[in-house]
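Single-structure report; data block below.
The values are calculated or read from the model by the stated rules, or taken from the named source; none is laboratory data. If you're wondering where the values come from, they're calculated on a predicted model, not measured in any experiment. Every residue, glycine among them, receives a Cβ derived from its backbone with ideal geometry; neighbour counts consider all protein chains shown.
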Amino acid sequence: MTLKVMTVFGTRPEAIKMAPLVLGLEQMSCFESVVCVTAQHRNMLDQVLSVFEIEPQYDLDLMSIDQDLYDVTASVLLGMRDVLSEACPDIVLVHGDTTTCLAASLAAFYQNIPIGHVEAGLRTGDLQAPFPEEANRLLVDGLSHYHFVPTQRAKQCLLSENISESRVFVTGNTVIDALLYVRDKVITYPIVRWQQLFGLDLFERIMSARRFLILITGHRRENFGQGFINLCTAIKVLAQRHPNWDLVYPVHLNPNVQRPVRAMLSRLDNVFLIGPQEYEAFVWLMQRCDLIVTDSGGIQEEGPALGKPVLVTREVTERPEAVEAKTVMLVGTDSGKIINSVEQVLLDPAMYQSMSTAHNPYGDGQAAACILEVLQRMSHSSNALKQFSIQRPKFNINM
Ligand code: UD1
Ligand code: UDP
């Protein structure tokens, strides 16, 4: 019997992290794969769909410029009502902690469709940081039947919330699958591709062995306003103090990010504000750079896997594993602290060496295979189904 699995995602990072699963589902005859994108992100999502050659069966196409949390939540919930009624999947897979993830889970719950939460169990313990993601993932874990967690720590978080161990599966993070897949592709591309993409001046700086390259990203809601002003101040000071360093910043399309970044950093010779990069180009940049400064969740996981030190411009992280492994450092959003930390890492060879050789705690690139194996087992195991129906008697699951 085939299991009809619907994957639902809407933003760039969800798409990157769900892509290995979608590709796997499409290849295995025991599954019928249905992809639904909400397009909470439009351009940044389409970039990823094209890299992984994914063609969704459903596209809610809901993004609007300057959308707020109410807009996205309401549009996903209403859009998913009709999609789920028409497609009738056996299970819905959602990812992480976005509004798409929360609202799609709620929509599936309303139709008694079991939910598998990929990248479950991440917690900071602070509902305000990240906002609203910490609340989203708590709520989604409360609604989910299967929890695919990246690490033992994430599993412990769920167990401490009284989620049954039989429903929690430690799989590693699918971002490592996606990263290794794309890294191996990118290695085969001729170098001239990057020269054409970035232009001669930036390309030569990226390739120069005599200059340090710092890669920067940022988009967290809790950093809007003063947090971004502080980050930009730090970038400006570093750029002026170190003319032989280059700072490359692919700026997120959120207007709350574009406005301060472009206003404060547009006129510096060694600061390059570029658009969001396709995943392949971004992976190439991560490989070429010396240091990453970011508030991103995914990049905190990718940097360590590529042996790059990562400074995280947040006060708290739900990914403490790499901080404990000493490859990621939490630096907050104080300008002085960001400046000192960047200089400390780049100017102290011993520190640089130790941060760039620490191990990656997020898996070996087999996370999607692990998740698919669990789903396959579930679909064939009458015991698992029995257990499932005891816990959720009202759910009607046809596996
Ligand atoms: C969202 C997620 C966040 C995730 C991040 C990844 C929520 C609440 N937030 O935040 O968890 O880490 O994505 O990047 O779910 N925009 C475009 N084109 C795009 C994408 C965004 O123009 O392709 C602009 C639009 O003006 C849009 C705005 O960015 O309204 C904000 O997008 P939204 O998804 O609401 O928030 P993010 O900050 O991207
Ligand atoms: N990324 C990308 N292009 C960029 C910047 C980031 O492809 O210009 C990738 C990055 O490698 C990672 C993901 O996007 O896999 C992270 O997305 P983001 O930081 O927007 O979201 P988060 O991970 O914080 O939810």
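Computed quantities for the displayed model
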{"quantity": "Residues (within 10 Å of Tyr362 (Cα to Cα), outside any helix (DSSP H, G or I) and out of contact with any Cys (no Cβ under 8 Å at 6 or more places or on another chain)) located in region 150-182", "calculated": "Pro150, Thr151, Asn173"}
{"quantity": "Within region 1-16, tally of residues that are part of a helix (DSSP H, G or I) and among the aliphatic types (A, V, I, L, M)", "calculated": "2"}
{"quantity": "Subset of region 55-65 [surrounded by fewer than 20 Cβ atoms within 10 Å (Cβ to Cβ) and within 16 Å of ligand 1 (Cβ to nearest atom)]", "calculated": "Pro56, Asp59, Asp61, Ser64, Ile65"}
{"quantity": "Positions within region 22-40 being in contact (Cβ under 8 Å) with a residue 60 or more places away in the chain and outside any strand (DSSP E or B), in sequence order", "calculated": "Leu23, Gly24, Leu25, Met28, Cys30, Thr38, Gln40"}
{"quantity": "Residue within region 248-255 that is hydroxyl-bearing (Ser, Thr, Tyr), part of a helix (DSSP H, G or I) and either crowded, with 18+ Cβ neighbours inside 10 Å or more than 10 Å from ligand 2 (Cβ to nearest atom) (or both) present", "calculated": "no"}
{"quantity": "Helices (runs of 4 or more DSSP H) lying entirely in region 262-352 (those with 1 or more residues that are charged (D, E, K, R) and surrounded by fewer than 21 Cβ atoms within 10 Å (Cβ to Cβ))", "calculated": "279-288, 320-324, 335-347"}
{"quantity": "Of all residues making up region 86-145, the number that are of a type in the set (D, E, K, R), more than 14 Å from the chain's Cα centre (by Cα) and under 20 Å from Cys370 (Cβ atoms)", "calculated": "2"}
{"quantity": "Every residue from region 140-149 that is crowded, with 23+ Cβ neighbours inside 10 Å, of a type outside the set (Val, Ile, Thr) and not in a strand (DSSP E or B)", "calculated": "Asp141, Ser144"}
{"quantity": "Answer residue from region 113-139, given it is assigned to a strand (DSSP E or B) and more than 14 Å from ligand 2 (Cβ to nearest atom) and is surrounded by the fewest Cβ atoms within 10 Å (Cβ to Cβ) among those", "calculated": "Ile115"}
{"quantity": "Inter-residue pairs, beta-carbon under 6 Å, first touching a residue at least 12 places away in the same chain (Cβ under 8 Å) and more than 19 Å from Leu45 (Cβ to Cβ) and in region 97-110, second more than 14 Å from ligand 1 (Cβ to nearest atom) and among the hydrophobic types (A, V, I, L, M, F, W, C), 6+ apart", "calculated": "Ala108/Val92; Ala108/Ile115; Phe109/Leu143"}
{"quantity": "Number of the condition not met by Thr73 [criteria: (1) polar (S, T, N, Q); (2) closer than 25 Å to Gln277 by Cβ; (3) more than 17 Å from the chain's Cα centre (by Cα)]", "calculated": "(2)"}
{"quantity": "Check on Ala19, touching a Leu at 6+ places or on another chain (Cβ under 9 Å), assigned to a helix (DSSP H, G or I) and buried (at least 19 other Cβ atoms within 10 Å of the Cβ)", "calculated": "yes"}
{"quantity": "Residues (surrounded by fewer than 24 Cβ atoms within 10 Å (Cβ to Cβ) and part of a loop (DSSP other than H, G, I, E, B)) located in region 90-112", "calculated": "Asp90, Gln111, Asn112"}
{"quantity": "Some residue of region 66-89 being surrounded by 17 or more Cβ atoms within 10 Å (Cβ to Cβ), outside any helix (DSSP H, G or I), away from ligand 2 (no atom under 16 Å from the Cβ) and not aromatic (Phe, Trp, Tyr)", "calculated": "yes"}
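Results for (1) at pLDDT 95 or above; (2) more than 16 Å from ligand 1 (Cβ to nearest atom), shown as yes or no for each residue.
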| position | (1), (2) |
| --- | --- |
| Phe282 | yes, no |
| Arg288 | yes, yes |
| Gly297 | yes, no |
| His380 | no, yes |
